[in-house]
Every structure is written in C-alpha cells, then in structure tokens.
Amino acid sequence: MNIEEYISSGILETYALGDLSAKEKEEVEKNLQLYPALRDELSKVEQTMEALLMKAGKNPRIEVKQKLFQKINKKPEGKLVQMTQESSSGWRYATAASVAIALFSSYLAFDYWGKWKNSESNLTDLIAQNQRIAQDYNNVNLRLDQIETDLKVTSNPNFTRVVMRGTPNSPESLASVYWNAQTKEVYLSIQQMKELSKENQYQLWAIIDGKPVDCGVFDFGVAGLIKMKEAFAVPTTFAVTIEPRGGKLSPSLETMQVAGNLAKS
Amino acid sequence: MVARLIAKDQSALDYLYDHYSGALYGVVFRILKKEEIAEEVLQDIFLKIWDKIESYDATKGKLFTWMINIARNQAIDKARSKEASKGRKTDDIDYLVNKIDIQEHSQLPIDAIGLKEVLLKLSEDQQFIVNQLYLKGYTQSEVAEEFNIPLGTVKTRLRLAMIELRSILDIK
C-alpha cells in the first residue's frame, strides 16, 4: 500500500470525524495496527481537530454540571439488597430486603409507566403525522388527475390554441382558449386575470359571424383548464368581459379584458 | 484517566467535564441551536461516556476523538428526531434557512475571536469545508450532495485545510 497516497486521500480526517462506513472504518483500524506512520499521522490529525474544537468551544450553564452529577449519583447500582448470613434476626433483614425490593419495584414501575406514557404520546404523534401524509397524498393525486386531463387537451392536435391578450382596459391580463373544431369543445386557461368582487364574474364570448355568442362564465384565479360551453360554428374571435355573477345575454363590450383572434386555416 | 473512569472515579469525570464540556457543548449547540435541548443532550453524552468508557479503545484513536464522535452522533440523532416530529412545512423553512446560510457562507457565524482569526488564515474554500464539517456538524456526503461537490474533492479539500490548520495551530 502506498501510505503517502492513502494519507493524502483524506481518509484519516474522515475517520476522525466518524464519517466512514463500518467497513471502511474497520479497514483503517487494521491499517493503523500495521503502519506506524499512519498512527503518527492520525495523531496529528486528531490533535488538529482537538485544537480547533477546543477553540470553538462554548460553555454550558453551570447547573448542567450539577444536574449531570445528580443523575450519576441517583442511578441504581443494583446493590440495594444485601442479605447477611450470620444474623440471628434474619426476619428483620428479610423484612428490610422486601421493603427495599418493594421500593425498587415501585421505582421501576413508575419509570416504566413514564416510558409507556411517553411512547403513547409518540404513537399519537405518529398517527397524526401519518394522517397528514395520507391527506397530502390524496391532494397530490387529485392535482395529478387534473393535470393529466389538462394535458390530454393541450397536447391534442385537434385543439387550436387562441391566446387572448389584454385590452387597453387591462393590458396585464392574459388567458388562452383551446378550441376543438371537430367536437366544438372549448377550454379556457387563465394565465393572468385581475381579481373580481363577489358580485362579478368573467364571461367568455365567441364571436361568430360578427355576433357574440355566450360561452359561459368563470371566476378569477382558477388553476388548470376550465371547460366552457361549446361553440357550434367557427368563431373568428374569443373575448372575455366582466359581467354580473351568472353572466348576461349580450356582452358589456366596454368591460372587455382580453381578446384574441382565431388564426385562419 | 481512562483507567480512573473505568474504576468509576467521579473526580476523573469531574476533570473530564471541566476540560471538555466546552468543546463538546460547542459541537452539540451548533447542531441543535437551542440551549435547553443542547444542554440535555450534553448530559446524555457525559452519561454515555461514563457508562461506555469500557468500550473506548486507545489503539483506535484519542479519547477526545471518541468523545466528539459520541457528541456528534447524539446531537444528530436528536436533531433528526426533532425534525421528524415537526412535520413538513417547517422542514421547508429549515431548508430555506439552510440555503441562506449557504449563500452567506463566506461570513462565518462564529463568535469566538481566537477561532475566527484561525479560520481567516484559510482560503475561502477551506474555511467553508472546515465550517461545514467540524463546526456545523454536516457529514461529508451531506456537504457533497447539498453543494454539488464530488465526495473525493470534499475529502481532499478537508485534508489540505487540516494541513494548513496544523501549521496555524502549531501542531507538531
């Protein structure tokens, strides 16, 4: 083995950081036994790490040490019960022992009760989390279904896309219509439309032979494709106006938001 | 020292705590970022050192290295269990915060003056690696993945940074 190369790969630093897999770690430990040069190098790597981390230290609050030592001294060492043989008053010791055992068991019972409570609350958390994930999964599924349906329309060559750009009323607005000349289906997709008050809705019109024909109403802010009323003749233009909720029979042209012409084929 | 610890000599633990609690707490705090949680984990770490000292093997590395690894693992475990119970939305926020951290990585969030001076002597690349691996407690593969650096490059940069630090910190 080329020691220089092995060292310069940075494997000893990784080893000291505890970042190696169990297998790699075992290999390094084997090599440390074999090559003194590796041990020297590791020692320097460790000293550097130690010096760095000592500089980067931060003192915990003083109570932490007290609590630590309290915990250490409170730990049951398992030497509570000691029976002496030579005693003539064996019963007294037996009583003392059973009291000690009783105390110890109550301590254990209490300890396990705490643990049980703890796992119970963990379980509740996990169940809640699980439900949340299931709910999210359903939402994603629904969304995916919608996107799939939309994709069938947008990728279907029988649908002509008509981009409706903003009129001077609302230059920022943008929406598209997908129109199928064979089935006469009309879908609408909002790219950007202004927010409307509750009383109003957008209404889509198809201009056929110079006359506006109602294609249905829609609200602002709907994601994905919206299925509209079918347009039975060949329209020249699609346009959207703002109308009272439910729509009107003829458009209020002065509120026209977007419009686009169908490319002649 | 190790022998005294194995013999359950509390004065040895006392000494160990006085000397190393700062370094270990620094590691834990930077990973967990909350004082109460980090202090609780620090206690667990010393309890573990106290209970498991028999399993420390001096031929495999220094006591400090062994303790630091316990500290890192304990803190990372805690951080993971905390994240798991927090749910998704906050994870996204954590992720964002991390991203912001990353963008500002040239300004190291370090308050100890001695440390800052030391790190400023390294190149920016090296500061970054040392900061992520030793101070923030990321694993090498996490750094490689998150910052799109090949794992081998992470290792060699770390190696170069450590050689540089060796002379800065005057390790012989």
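The values are calculated or read from the model by the stated rules, or taken from the named source; none is laboratory data. None of the values given here were measured: they were computed from a predicted structure. Positions of Cβ are generated from backbone atoms using ideal geometry, with glycine treated the same way; all protein chains shown enter the neighbour counts.
Key figures for this structure:
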item	result
Hey, residue B:112 within 24 Å of residue B:128 (Cβ to Cβ), at pLDDT 90 or above and within 12 Å of chain A (Cβ to nearest Cβ) or not	no
Scope segment A:206-225; condition of a type in the set (Gly, Ala, Ser) and not in a strand (DSSP E or B); matching residues	A:210, A:221, A:223, A:224
Filtered residue count, segment B:6-17, keeping only those that are facing chain A (nearest Cβ under 8 Å) and either of a type in the set (Val, Ile, Thr) or closer than 18 Å to residue B:65 by Cα (or both)	2
Cβ-Cβ under 7 Å pairs, at least 6 apart or on other chains, segment B:143-172 side in contact (Cβ under 8 Å) with a residue 12 or more places away in the chain, far side of a type in the set (Gly, Ala, Ser)	B:154/B:144; B:155/A:9; B:155/A:10; B:158/A:10; B:169/A:51
Sole exception among (1) under 26 Å from residue A:244 (Cβ atoms); (2) over 32 Å from the mean Cα position of the chain (by Cα) for residue A:227, by number	(2)
Test: residue in segment A:201-210 that is under 16 Å from residue A:244 (Cβ atoms), in contact (Cβ under 8 Å) with a residue 24 or more places away in the chain and either charged (D, E, K, R) or touching a His at 6+ places or on another chain (Cβ under 7 Å) (or both)	no
Any pair with Cβ under 6 angstrom, 6 or more apart, that starts in segment B:38-53 at a residue that is within 10 Å of another protein chain (Cβ to nearest Cβ) and farther than 16 Å from residue A:62 by Cα and ends at one that is crowded, with 20+ Cβ neighbours inside 10 Å and charged (D, E, K, R)	none
Test for residue B:77: is it part of a helix (DSSP H, G or I) and at pLDDT 50 or above	yes
Residue in segment A:18-32 that is within 35 Å of the chain's Cα centre (by Cα), closer than 26 Å to residue B:131 by Cα and facing another protein chain (nearest Cβ under 7 Å) present	yes
One residue from A:179, A:91 being among the aromatic types (Phe, Trp, Tyr) and either modelled with pLDDT of 90 or more or surrounded by 13 or more Cβ atoms within 10 Å (Cβ to Cβ) (or both)	A:179
Yes/no for residue A:165 being surrounded by 10 or more Cβ atoms within 10 Å (Cβ to Cβ) and in contact (Cβ under 8 Å) with a residue 60 or more places away in the chain	yes
Scope segment B:1-42; condition among the small types (Gly, Ala, Ser) and over 27 Å from residue B:115 (Cα atoms); matching residues	B:3, B:7, B:11, B:12
All positions within segment A:214-252 that are farther than 23 Å from residue A:195 by Cα and surrounded by fewer than 18 Cβ atoms within 10 Å (Cβ to Cβ)	A:230, A:232, A:233, A:234, A:236, A:237
Any hit, segment B:132-149, residues being touching a Phe, Trp or Tyr at 6+ places or on another chain (Cβ under 7 Å) and modelled with pLDDT of 90 or more	yes
Qualifying positions in segment A:182-195 - within 15 Å of residue A:243 (Cβ to Cβ) and surrounded by fewer than 16 Cβ atoms within 10 Å (Cβ to Cβ)	A:194
